[in-house]
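Engineer: Dumping the structure here so I can ask a few things about it.
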Amino acid sequence: MLQYPATMNAIRHPAVAGSFYPAEPDALERQLASFLSEAGNAAPSVAWPKAIIGPHAGYIYSGPVAARAYARLAAARGRISRVVLIGPSHYVAFRGIAVDTVEAWAMPCGTVRLDTDAIARLRSLPMVGTLDAAYQREHALEVHVPFLQHVLGDFGLVPIVAGEALPEVVAAVLDALWGGPETLIVISTDLSHYLDYTACRRRDQATAEAIERFELDALGPADACGAVPTRGLLLAARRRGLTIERLDLRNSGDTAGPRDRVVGYGAWALYETGPADPERAAIEEHGPTLIDVARRSIAFGLNTGRPPRVATDGDLAPLLAEPGAAFVTLRRNAALRGCIGSAVATRPLIVDVAEHAFNAAFRDWRFPRLGSQELTRLMLSVSVLTTPEPMAFDGEDDLLAQLRPGLDGLIIEDRGRRALFLPGVWQELPEPRQFLMTLKLKAGLSPGHFSLDFRAQRFRSVDVKGGMELSGGAAADEPLGWRVLPDV
């Protein structure tokens, strides 16, 4: 039950300094600087996120993941004047949204003033009130404040603890304080809790994909302890047309803990619609067609033993008819079942996808030919690649610092050897050095290899996914929207 005291207290003192993060200012600043340096993904100079999602565990566990999001705010120092920080209640069960009653938060590295005018406006909304007990022991908000101080400098804080509340309630709170570029929204949440390492990664990957598709109903408290504020942000962001970028996805077994019982952590940045990305929009628009092409190519191969010959005349959309590069990945019961693709666009995208789908099913040397009995629970993923961009770097450490986990695909070349990792590989290898070392091994180079002739290119991909089931009862040799040429 929320209460409404008539007066505000003066100040809140830290509840978890010295346990979740260092209580000594110099030690805390050093740790924050180290995390942000290791993040290696500083923000562009012209834009910063409208909102970020990050974890709230002890810094040794979740600090490196949170830093991926806070590094995106480097350009915002002195420009963001208000931070709306919302997280779950771990110690007090209540219905609604609780705002704080104090005027400032005392932190090891200085006092943060609360934006009391903004808080007063929130209290006029339904389901918003005050509950001092929700703030007394709560760590979910507190652990973000040192990062915010380190990155942004001076700002006004609007701390919010979310109890049991519908996404519409949280979205209404965010809409009331949305503001312009001076306002940052921070959502605090960890992901799955106390699964074994493999189960955690599987669960968190599904959660991450739901977040990135803005699927509110797919998120529950077992997926993310901050599901309530996360769902509210996703609703508000979906209505406003924000885009989302995954920055990191790891767990305590990757950072500082054992792997028998782990906690998952993720970091995302959400951007307000700026200059349109027509390439991504076109790929997403034609995603169902690309999946349909892959499905039917595999079905044609099962029926005939041959890859289809695809016509590119007629009324094909420009994206499908123009040169494109793609990878097709098959997974069954979440396990890899085939992956073939090309990094350079040399033929129409529709032809590239059809051939790679056939090859992934029947010509990937790591697996036997796909059998018809495997079609159940077979999932397809088509990754359309952007044009590879050569990277300039001064040594391996500089290359590692430039990599953007979860975002960059990477091609390396040296000594006549070449290898490629798609951005999705970051889910298996989340640490940049491990990512690069494993890619070297794939290329036939030693993990420690580096030379003056070492070359690297990075790219991004737009992924579309679907199951193997053919839709609408269409035959495998009569695909919708494209044609298989007859044998000659």
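Engineer: When you scan region 430-445, how many residues do you find that are within 19 Å of ASP398 (Cα to Cα) and either in a loop (DSSP other than H, G, I, E, B) or in contact (Cβ under 8 Å) with a residue 60 or more places away in the chain (or both)? Show your work before the answer.
Structural biologist: Step one: of region 430-445, the residues within 19 Å of ASP398 (Cα to Cα) are 430-440.
Subset that is either in a loop (DSSP other than H, G, I, E, B) or in contact (Cβ under 8 Å) with a residue 60 or more places away in the chain (or both): 430-432.
The qualifying residues number 3.
Engineer: Within region 319-342, can one find any residue that is part of a helix (DSSP H, G or I) and either under 30 Å from PRO49 (Cα atoms) or free of Cβ contacts under 8 Å to residues at least 40 places away in the same chain (or both)?
Structural biologist: Taking region 319-342 first, the residues part of a helix (DSSP H, G or I) are 319-321.
Next, only the ones that are either under 30 Å from PRO49 (Cα atoms) or free of Cβ contacts under 8 Å to residues at least 40 places away in the same chain (or both) stay: 319, 321.
Yes, region 319-342 has at least one match.
Engineer: Residue by residue through region 173-206, note down the ones that are open to solvent by 50 Å² or more (accessible area, probe 1.4 Å), in a helix (DSSP H, G or I) and under 18 Å from ASN333 (Cβ atoms).
Structural biologist: Selection gives THR198, ARG201, ARG202, ARG203, ALA206.
Engineer: I've got another one for you. Within region 446-473, take every residue that is in a strand (DSSP E or B), under 26 Å from PRO64 (Cβ atoms) and open to solvent by less than 40 Å² (accessible area, probe 1.4 Å) and give me the one that is modelled with the highest pLDDT.
Structural biologist: Within region 446-473, the match that is modelled with the highest pLDDT is ALA456.
Engineer: Does ILE412 fit the bill of being buried (at least 22 other Cβ atoms within 10 Å of the Cβ) and in a strand (DSSP E or B)? Before you say what the answer is, go through the steps one by one.
Structural biologist: On the way: buried (at least 22 other Cβ atoms within 10 Å of the Cβ): yes; in a strand (DSSP E or B): yes.
Taking the combined requirement at face value, the residue satisfies it.
Engineer: For ARG213, all conditions in the list (1) surrounded by fewer than 21 Cβ atoms within 10 Å (Cβ to Cβ); (2) modelled with pLDDT of 95 or more; (3) farther than 21 Å from ALA120 by Cβ hold save one; what is the number of the exception?
Structural biologist: That leaves (2) as the condition not met.
Engineer: Go through region 222-245 residue by residue and tally those that are open to solvent by 20 Å² or more (accessible area, probe 1.4 Å) and either assigned to a helix (DSSP H, G or I) or modelled with pLDDT under 95 (or both). Write out each step before concluding.
Structural biologist: Here is the first cut: in region 222-245, the ones open to solvent by 20 Å² or more (accessible area, probe 1.4 Å) are 222-223, 225, 228, 231, 238-241, 243-245.
Retained after the next criterion (residues that are either assigned to a helix (DSSP H, G or I) or modelled with pLDDT under 95 (or both)): 228, 231, 238-241, 243-245.
The number of residues fulfilling the criteria is 9.
Engineer: Just the residues that are part of a strand (DSSP E or B), in contact with a Phe, Trp or Tyr (Cβ under 7 Å, 6 or more places away or on another chain) and surrounded by 16 or more Cβ atoms within 10 Å (Cβ to Cβ), please, taken from region 361-398.
Structural biologist: Here is the first cut: in region 361-398, the residues part of a strand (DSSP E or B) are 378-385, 389-390.
Okay, now just the ones that are also in contact with a Phe, Trp or Tyr (Cβ under 7 Å, 6 or more places away or on another chain), so 383, 385, 389.
Of everything in region 361-398, those that are part of a strand (DSSP E or B), in contact with a Phe, Trp or Tyr (Cβ under 7 Å, 6 or more places away or on another chain) and surrounded by 16 or more Cβ atoms within 10 Å (Cβ to Cβ) turn out to be SER383, LEU385.
Engineer: Turning to a different aspect of this structure: Does region 399-409 contain any residue that is open to solvent by 20 Å² or more (accessible area, probe 1.4 Å) and in contact with an Asp or Glu (Cβ under 7 Å, 6 or more places away or on another chain)?
Structural biologist: Yes, because at least one residue in region 399-409 is open to solvent by 20 Å² or more (accessible area, probe 1.4 Å) and in contact with an Asp or Glu (Cβ under 7 Å, 6 or more places away or on another chain).
Okay, residues lined up against (1) open to solvent by 10 Å² or more (accessible area, probe 1.4 Å); (2) in contact with a Ser or Thr (Cβ under 6 Å, 6 or more places away or on another chain); (3) of a type in the set (Val, Ile, Thr):
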site: ALA118; (1), (2), (3): no, no, no
site: ARG121; (1), (2), (3): yes, no, no
site: ARG137; (1), (2), (3): yes, no, no
site: VAL145; (1), (2), (3): no, no, yes
site: LEU148; (1), (2), (3): no, no, no
site: PHE155; (1), (2), (3): no, yes, no
site: PRO159; (1), (2), (3): no, no, no
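Engineer: Regarding ARG296, is this residue open to solvent by less than 30 Å² (accessible area, probe 1.4 Å), part of a helix (DSSP H, G or I) and over 29 Å from ALA47 (Cβ atoms)?
Structural biologist: Working: open to solvent by less than 30 Å² (accessible area, probe 1.4 Å): yes; part of a helix (DSSP H, G or I): yes; over 29 Å from ALA47 (Cβ atoms): yes.
Yes.
Engineer: Tell me whether region 258-273 contains one or more residues that are out of contact with any strand residue (DSSP E or B) (no Cβ under 8 Å at 6 or more places or on another chain) and open to solvent by less than 30 Å² (accessible area, probe 1.4 Å). Spell out how you get there, then give the answer.
Structural biologist: Of region 258-273, the ones out of contact with any strand residue (DSSP E or B) (no Cβ under 8 Å at 6 or more places or on another chain) are 258-260, 272.
Those left that are additionally open to solvent by less than 30 Å² (accessible area, probe 1.4 Å): none.
Checked against the condition, which is being out of contact with any strand residue (DSSP E or B) (no Cβ under 8 Å at 6 or more places or on another chain) and open to solvent by less than 30 Å² (accessible area, probe 1.4 Å), region 258-273 yields no hits at all.
Engineer: Is there a residue in region 348-360 that is assigned to a strand (DSSP E or B), open to solvent by less than 50 Å² (accessible area, probe 1.4 Å) and in contact (Cβ under 8 Å) with a residue 40 or more places away in the chain? First the steps, then the outcome.
Structural biologist: Let us first name the residues in region 348-360 that are assigned to a strand (DSSP E or B), namely 348.
Among the residues that remain, those that are also open to solvent by less than 50 Å² (accessible area, probe 1.4 Å) are: 348.
Next, from what is left, pick out any that are in contact (Cβ under 8 Å) with a residue 40 or more places away in the chain: none.
No, that holds for no residue.
Engineer: Another one. For the list (1) more than 23 Å from the chain's Cα centre (by Cα); (2) more than 15 Å from VAL228 (Cβ to Cβ), I need the number of the one condition that GLY163 fails.
Structural biologist: (2)
Engineer: If you check ARG68 against the conditions, is it over 23 Å from HIS13 (Cβ atoms), open to solvent by less than 20 Å² (accessible area, probe 1.4 Å) and of a type in the set (D, E, K, R)? Even if it seems obvious, please write down each step before you answer.
Structural biologist: Details: over 23 Å from HIS13 (Cβ atoms): yes; open to solvent by less than 20 Å² (accessible area, probe 1.4 Å): yes; of a type in the set (D, E, K, R): yes.
Yes: the conditions hold for ARG68.
The values are calculated or read from the model by the stated rules, or taken from the named source; none is laboratory data. Values in this document were obtained by computation on a predicted structure and should not be read as measured data. Cβ sites come from the backbone with ideal geometry, for glycine too, and all protein chains shown count toward neighbours. The area values use the complete protein model at the heavy-atom level, side chains included, leaving out ligands, DNA and RNA. Shrake-Rupley method; radii C 1.70, N 1.55, O 1.52, S 1.80 Å.
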